[in-house]
1. Summarise the accessible area of the stretch 126-241 (1.4 Å probe, protein heavy atoms) by the percent that is carbon and sulfur.
2. Holding the Cα-Cα limit at 27 Å, pick out from Lys478/Lys725; Lys233/Lys414; Lys478/Lys641; Lys478/Lys505 the pairs that are longer than that.
3. Ranked from the most accessible area to the least, with a 1.4 Å probe and all protein chains present, what is the order of Val706, Val77?
4. Rg and Dmax of the stretch 98-172, Cα atoms, in Å?
5. At most 11 other Cβ atoms within 10 Å and a DSSP loop assignment: could you name the trypsin sites (Lys or Arg not before Pro) in the stretch 324-401 that fit?
6. Is the shape of the stretch 201-264 best called rounded, prolate or oblate, per the rule: a/c under 1.5 gives rounded, else a/b larger than b/c gives prolate, else oblate, with a ≥ b ≥ c the square roots of the Cα gyration tensor eigenvalues?
7. For the stretch 263-334, what is the charge dipole size about the Cα centre, in debye to the nearest 20, if Lys and Arg each add +1 at the Cβ and Asp and Glu each add -1 at the Cβ?
8. For Val306, what accessible surface area do you get with a 1.4 Å probe? Give it in Å², rounded to 10.
Amino acid sequence: MTTILTEISRPTPSLPAAPRGPVIQLEGGILGPDILERLAEGNHAGQRPSDFGLPTNRSLLDEVAAIYRDARDLFAVFQRGLERHPQDDRATGLTRARWMVPFLGLLGYDLRSNACPYDLGGTAFAISHRAGDNEDAPPVHIVGARQPLGRVDSTSRPRLSPHALLQEFLNGSDHLWGLVTNGLELRLLRQSTLLRRQAYVAFDLEAILDPQADRFQEFLLLYRLLHRTRLPKGVADAHECWLERYHQQAMDQGNRARDRLRDGVEQALLLLGNGFLRANPSRPASPQEFYQHLLRLVYRFLFLLVAEDRRLLTGNDLYRNHYSPGRLRRLVDRHEAYTDHDDLWCSLRVLWHLLRNDKSCPSIENQPLVTLLELPVLNGDLFTAIELEDWTISNRDLLVAFRNLVYYFDEETKTPRRVNYAALDVEELGSVYESLLDNHPQIGEVQGRRQFRFAEGTERKSTGSYYTPRELVAELIKSALEPVLQERLAEAMRMANGEWRMVPKQIQERFVDEILQRLPRSRSLATCPSSGQADLRDDPGLPRSGALRYDQPTAPSSNLDLSKHRGGMGKAVPGGVHSIPAPGQWESGGIGDPSLVERRGRLGDEDSGGTPVARTGDPGQAIGQSGTKHPTQEVLAKRWKETPFAIRYSLFAQHALLSLRVLDPACGSGHFLLAAARRLGRELARIRTGEDEPSPDAIREAVREVITHCIYGVDKNPLAVDLCK
C-alpha cells in the first residue's frame, strides 16, 4: 500500500521542491529547547571532557572538530558509493557498513549486529543493532538511505516504519532510549507508553555534513547529546544515564514554567489594568467588562507569541521590527525602552486593525493591507475590536506587564528564565484561563486614584467552567471517538470493493481528477512486485458490490460555502472531500450522471441509460467541445476495477474520515476537541501518505483540514470559544 500511494501522490516534476526542514528538529516533549540550548553552550551538567571518557587535559572542542572532519570525509565517500548504487535498491548494506557503523564509532559506539529479532510477547522486532556487546544494550536500528524513517517497510514484520518499529519496541520493553537512522537522518527516541504524538530529536546528517556549509555548532550539539556516554550501558542503569537526567530536568522545568505562566498572566492583567487606568483617568470602566477586555488583549499576546515561536506567523522585517509582539519581548531587556510615550501601544493598535481586516481597513490591489507584513488575515473573534483599543498606555507600563509574559523566576536556579512558547502545549492556554475564572475583578479608589485588583470570586462554579484533565480527555477519545472512527474505516474497506456505479459522486470526481491520469493503461501497477500490491489483496469475505449505509447522519454543513466555512484558515486543499450526501443521494442514477464530465467539456449525446456517448462512435472515449477525449462511464468502471485496492481504499477512507462530525456542546477552551482533531489528523495523514509515522508537516496539514471539516464546539462563554478557535 505504501509504495502504491506514494507513487500516485508523488508531485509532478514541474512543482517546486519542498524546502528542507530544520537541521535539528525537536518533536514532542522528550527534551526541551532550553536543555538543548544549554547543551550547545556547554554549560550543562555532564559536559566536561572526562564525562565523555576523554583525558581531563584534552580540549573537547578540539576532539569534536577532528571528529567533524573525519565524519565529513566518511559521508563524502558514502555519497559517492550511493550514487553508483542501483536506484531500485535501498542500499541497506552500504548505509550500515560504509557509513553509519563507522560514523557512530566516531561517537564512541561499539555496535553489535543482532543475529535474531527481539521477541516481545510473540512479536518479532527486527532491530538491526545494539550499542554494545551486552544483550541489553540500547537498540540502534539502521536502515538503508533510500528507506524513509516514517514510511512503512513492506518487508518488515510487524509492518511498521523504522521509526514506529523502534518506538513500539521501546514501549513494550524495558529499554528507555534508542536510535533510528537511515544514514541521512538520525533520530533519538525514548520510551513513551502514553504517546499522543511523535516525540523525538532528529538531526539532518546530510545538512550538517554538507561540505558547502559550516554546521560545526550543530555537530557539536549532536556530539554532546548522542555520544555513547549519554545513553545507558543497559537496562539496569537506564534511569541514571545522562539522557534520562536531561529528560527529567526538561519535564520538571516544563511543569515549573507552566505553573509560573499562570502567575505571570495574572500579574500581567493587573499591571495592564492599572496602566490603562493611570493613562486614562477620565474614562469610565465597568470592572467586569474591563476585565474581559484585558483577558482578550492578553490572549492576543499569547496567541501571537505561540504562533511566532512555532514559525506559523513569520511575517517580514517590517512586521518583526515594528509591529510584532516578539519585538516587545526584546525591548523588555532594554532599560531605555521604558518611557512615558505610547508609541508601542500605537503600533499594536495598528496590528490589531490590520489582522482583522475590517471594513474600514483599506486594501492594495484588492489584497488586504496586512499582506504588506506578509501575514494572513486572522478574522476570529479574538481580534474583534475592543474598547481598550481606543485607550492609551505608556511604554513603561506596557513593558512591565509584558515582562511577566516573557520571564518566569526559576526557584531551582534562582534566575529568571524565558517562557518557551514553542514548547508550550496549546492546552495550557486553556489551563491558564481556567485558573483565572475564580478571580473577581474590582476597581476601587486608593489615595485618590483608581486601582484595578482581584478578589476571589465564584465565576468558575456559577458557570460550570472546569478544565478537563488530560487523562479524562484520553479516555473520552478512546471510548467515544475511536469506535466511530474504526467503524467508518471498516465501512470504507467494504465500500472500496464496490462497483463504480455505487461509488459516491465526490469520490468519482476525485478519482477522475487526481488518480486516473496517473494510472497505467494496464494492470501492471496492480501486479508489479514493487507496488506492494502482491501483499495486499481484496478480502474475499467482503461483498464485491459494496455495502451502503443510510443510517449515517446528514452533515449539517453540507450546503455551506467552503471558503466561509474555513474561517480564514487559508485556501482549501484541491480535491478536498465534501460532506456525506443526504439519504437518497447514493442511487446510481445520481452518481453516474454526465455532470462528472460536463465541467471538462459537455458531451454531445447520451444513451438511454445516462451513459455519455462519443460523437466519434468510439465506445471508449467521449469528446468535449475542446476536442479533448474524456472517458465514458464504461471506461471509468473498467479503470476503477483495475485500480489497486490500496488506492480505492484511500479515497473512501479519506471521505469517511472527513465526513465525521465531532461536537462538544460545552467546549470550553477546546481541550477535548483539540485531542480529537489530533487523533483524526494523524489517521488522515497515515491514510494519505501510506506511512505509519507521517512527517510532522503531513500531520499538521491533516489536522488543519480535520479542524476545517470535522470539529464543532459550543459554549456559553464567548472568550472560551475564542480560545478554542
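The values are calculated or read from the model by the stated rules, or taken from the named source; none is laboratory data. Model, not experiment: these values are computed from the prediction. Glycine gets a Cβ as well: all are built from the backbone with ideal geometry, and neighbour counts include every protein chain shown. With ligands, DNA and RNA removed, areas are computed over all heavy atoms of the protein, side chains included. Shrake-Rupley method; radii C 1.70, N 1.55, O 1.52, S 1.80 Å.
1. C and S fraction of accessible area: 46 percent.
2. Among Lys478/Lys725; Lys233/Lys414; Lys478/Lys641; Lys478/Lys505, the Cα-Cα distance tops 27 Å for Lys233/Lys414; Lys478/Lys641; Lys478/Lys505.
3. Details: Val706 0, Val77 60 Å².
Ranked list, largest accessible area first: Val77, Val706.
4. Computed over the Cα atoms of the stretch 98-172, radius of gyration and Dmax are 12.4, 36 Å.
5. Numbers: sites: Arg327, Arg329, Arg330, Arg334, Arg349, Arg356, Lys359, Arg396; in loops: Arg334, Lys359.
Passing sites in the stretch 324-401 are Arg334, Lys359.
6. Working: a/c = 3.92, a/b = 1.35, b/c = 2.91.
Note, shape of the stretch 201-264 comes out oblate.
7. On the way: 11 positive and 7 negative charges, 50 e Å.
Around 240 debye, computed over the stretch 263-334.
8. For Val306, solvent-accessible area is about 10 Å².
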